[in-house]
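Take a look at the structure set out below.
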Amino acid sequence: MKLEYQRIFKHWLRKARKSKGISQLVLADEVGYDRSYITKIETTALSINYHTASEIVSKFDLGLIIDQDKIKEFEDVFSKLYIATMSIDDKSVESCHDYIEENKDEIVNSLCAYKYRLSILCYDLYKGISYGDDLISDLLKIDENGFFSNEDRQILYNLIGYHHARKRDFDTSHSWYMKSMSIDAHSLGYAMSAYRGTVRILQGESYVSAVMMLGEAKNIFKEYGIDQKVFDCDTLLGYIASKIESHKEASDIYSDLIERCKVNNYRDFIRFVTAKLHNIIDLQDDDEVKTMIRTINRDHLAKLDLDLCCTILYYYCKKRDKANFQKWYDLSKTLKDDRLNRGLITLFRAVIENERPQVVVNIAYEVIEACDVHFDKTELSMLKATLLDYWMNTDMRKESADLILEVLYKIHIDRYHQV
């Protein structure tokens, strides 16, 4: 019998005996054991097996379900529920939740009683249900009594971390993720805490730590066959590779993600196409860029997304290819507007048309204002690269050059203060 189940049984036995007003001696006579044995069961770390526990339950009418097969059945459903929430499998989540609710009476009177409350927290967070902090407080009391395994504790702490993240209390959230990872158990709770904790670490630009944590999480997700979370880890690894300007590695990761999107119909296919295109532009691999743009054009992908169209326009602006720029610029005007991308496209057009520095600077400030300097890495690098390229390849007076440098300095300082 698992250690946490032994603790639950001993607690349940002591509580039931006292509620019935029965002494240890009477109980020992009733079930056919020495009093000293009953005392040891209740008060020491004496190990107890399912057979002994079942005998005591049946003779004492304890009302606790000990049956191993039933316990295993309940455990499997709890595990499937947690995995389904990670896989974003709504059908499986609801199926597991329905089973748990239909069998609630048996579950709460079994050795799995406390896992029931943990499953409710898991389901509520997945569904976005607001329940307050009472359930978490109850679960932490259960944890203090040692009624959870290390694996369950990791899951509990991870869910508490996620609860605080939803409340936008990211420091508290991160501390719970780290607490979850400090427990000695190689479980899904550890993997989810490593995956979710990476976001806070990235804000401090601790890229090596983030890559190590994602690698550990990814390996555990692979062991459990949770493809969606393996995919999510690779998405973050691609983002990190791009952020540290390891463009070849990022391009390879995004190529793999694109292929997996095609096979599994994952969301965000076009986002990965855009990310890959941006990285091979920065690699200055013109042949691959042109091949990819031809594929995008053939599959009509840019007609669906202004981000992607903006990245293509960025490339033709860099190359001063006015003919192709105009073609894609005309297409961009047919797409759903957003202020940031539209501002960047206007900037690219001003640069390719060799507008005066003051015009370019004014547009750049409008772009900065459009996103309050909260750039993604891609948008930031496109803005900086375009301004630098314009500054280096345009004849201008010192006063005009200083205007461009002033914008670049503002981007750098504002970005620094964000971190």
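The values are calculated or read from the model by the stated rules, or taken from the named source; none is laboratory data. Model, not experiment: these values are computed from the prediction. For neighbour counting, all protein chains shown are included, and Cβ atoms are generated from backbone atoms with ideal geometry for every residue, glycine included.
Inspect segment 290-300 for any residue being over 21 Å from Tyr390 (Cα atoms), part of a loop (DSSP other than H, G, I, E, B) and free of Cβ contacts under 8 Å to residues at least 60 places away in the same chain and give the result as yes or no. Show your work before the answer.
Start the filter on segment 290-300 by keeping residues that are over 21 Å from Tyr390 (Cα atoms), which leaves 290-300.
Next, only the ones that are part of a loop (DSSP other than H, G, I, E, B) stay: 299-300.
Now restrict to residues that are free of Cβ contacts under 8 Å to residues at least 60 places away in the same chain: 299-300.
Checked against the condition, which is being over 21 Å from Tyr390 (Cα atoms), part of a loop (DSSP other than H, G, I, E, B) and free of Cβ contacts under 8 Å to residues at least 60 places away in the same chain, segment 290-300 yields at least one hit.
Residue-by-condition table, conditions (1) touching a strand residue (DSSP E or B) at 6+ places or on another chain (Cβ under 9 Å); (2) exposed (fewer than 14 other Cβ atoms within 10 Å of the Cβ); (3) closer than 26 Å to Gly225 by Cα; (4) at pLDDT 90 or above:
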site: Tyr82; (1), (2), (3), (4): no, no, yes, yes
site: Met86; (1), (2), (3), (4): no, no, yes, no
site: Ser95; (1), (2), (3), (4): no, no, yes, yes
site: Asp105; (1), (2), (3), (4): no, yes, no, yes
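Please give the helices (runs of 4 or more DSSP H) falling wholly within segment 1-101 in which 2 or more residues are touching a residue at least 24 places away in the same chain (Cβ under 8 Å) and farther than 30 Å from Tyr126 by Cβ. Before the answer, list the steps.
Working: elements: 3-19, 24-31, 35-43, 50-60, 68-86.
Filter on segment 1-101 gives 3-19, 24-31, 35-43, 50-60.
Out of the residues in segment 311-323 that are touching a Leu at 6+ places or on another chain (Cβ under 9 Å) and over 20 Å from Leu408 (Cβ atoms), which is surrounded by the fewest Cβ atoms within 10 Å (Cβ to Cβ)?
Within segment 311-323, the first condition is being touching a Leu at 6+ places or on another chain (Cβ under 9 Å), and the residues that meet it are 311-315, 317.
Pick out the ones that are also over 20 Å from Leu408 (Cβ atoms) and you get 311-313, 315.
Numbers: Thr311: 26, Ile312: 25, Leu313: 28, Tyr315: 23.
Step by step, filter segment 311-323, then rank; the result is Tyr315.
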request  = Would you tally the residues in segment 379-407 being in contact with a Phe, Trp or Tyr (Cβ under 8 Å, 6 or more places away or on another chain) and at pLDDT below 70?
outcome  = 1
task = For segment 56-89, enumerate the residues that are over 23 Å from Ile220 (Cβ atoms) and charged (D, E, K, R).
result = Lys59, Asp61, Asp67, Asp69, Lys70, Glu73
Subset of segment 184-194 (residues that are modelled with pLDDT of 90 or more and either among the hydroxyl-bearing types (Ser, Thr, Tyr) or not in a helix (DSSP H, G or I) (or both)) = Tyr190, Ser193
ask   = Conditions: (1) farther than 19 Å from Leu236 by Cα; (2) in contact with a helix residue (DSSP H, G or I) (Cβ under 7 Å, 6 or more places away or on another chain). His300 meets all but one. Number of the miss?
value = (2)
ask   = All but one of (1) closer than 30 Å to Leu188 by Cα; (2) of a type in the set (S, T, N, Q); (3) at pLDDT 80 or above hold for Gln24; which doesn't?
value = (1)
task = Only residues in segment 253-273 that are crowded, with 17+ Cβ neighbours inside 10 Å and modelled with pLDDT of 80 or more count as the first member; pair them with residues that are assigned to a loop (DSSP other than H, G, I, E, B) and among the hydrophobic types (A, V, I, L, M, F, W, C), Cβ under 8 angstrom, at least 6 apart or cross-chain, and list the lot.
result = Ile270/Leu301; Val273/Leu301
request  = Would you mind stating whether Leu236 is hydrophobic (A, V, I, L, M, F, W, C) and more than 15 Å from His186 (Cα to Cα)?
outcome  = yes
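Provide a single number: the residues in segment 129-159 that are farther than 17 Å from Tyr116 by Cβ and either under 23 Å from the mean Cα position of the chain (by Cα) or free of Cβ contacts under 8 Å to residues at least 12 places away in the same chain (or both). Lay out the reasoning, then the answer.
Filtering segment 129-159 for residues farther than 17 Å from Tyr116 by Cβ gives 130, 132-133, 144, 146, 150, 154, 157-158.
Add one more test, that the residue is either under 23 Å from the mean Cα position of the chain (by Cα) or free of Cβ contacts under 8 Å to residues at least 12 places away in the same chain (or both), and what stays is 130, 132-133, 144, 150, 154, 157-158.
Result for segment 129-159: 8.
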request  = Considering only segment 307-332, state which residues are of a type in the set (Gly, Ala, Ser) and under 35 Å from the mean Cα position of the chain (by Cα).
outcome  = Ser332
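Criterion first (within 27 Å of Val108 (Cα to Cα) and either charged (D, E, K, R) or buried (at least 19 other Cβ atoms within 10 Å of the Cβ) (or both)) does Leu188 satisfy it? Walk me through it before giving the result.
Numbers: within 27 Å of Val108 (Cα to Cα): yes; either charged (D, E, K, R) or buried (at least 19 other Cβ atoms within 10 Å of the Cβ) (or both): yes.
So Leu188 passes the test.
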ask   = Of all residues in segment 337-374 being modelled with pLDDT of 85 or more and of a type in the set (Lys, Arg), which is farthest from Asp389 (Cα to Cα)?
value = Arg342
query = In segment 195-223, which residues are among the hydrophobic types (A, V, I, L, M, F, W, C), modelled with pLDDT of 85 or more and surrounded by 15 or more Cβ atoms within 10 Å (Cβ to Cβ)?
reply = Ala210, Val211, Met213, Leu214, Ala217, Ile220, Phe221
task = Would you please name the residue that is farthest from the chain's Cα centre (by Cα), looking only at residues in segment 107-128 that are surrounded by fewer than 17 Cβ atoms within 10 Å (Cβ to Cβ), of a type outside the set (S, T, N, Q) and part of a loop (DSSP other than H, G, I, E, B)?
result = Val108
request  = Restrict the check to segment 253-260 and report whether at least one residue is over 19 Å from the mean Cα position of the chain (by Cα), under 25 Å from Leu344 (Cα atoms) and either assigned to a helix (DSSP H, G or I) or among the β-branched types (Val, Ile, Thr) (or both).
outcome  = no
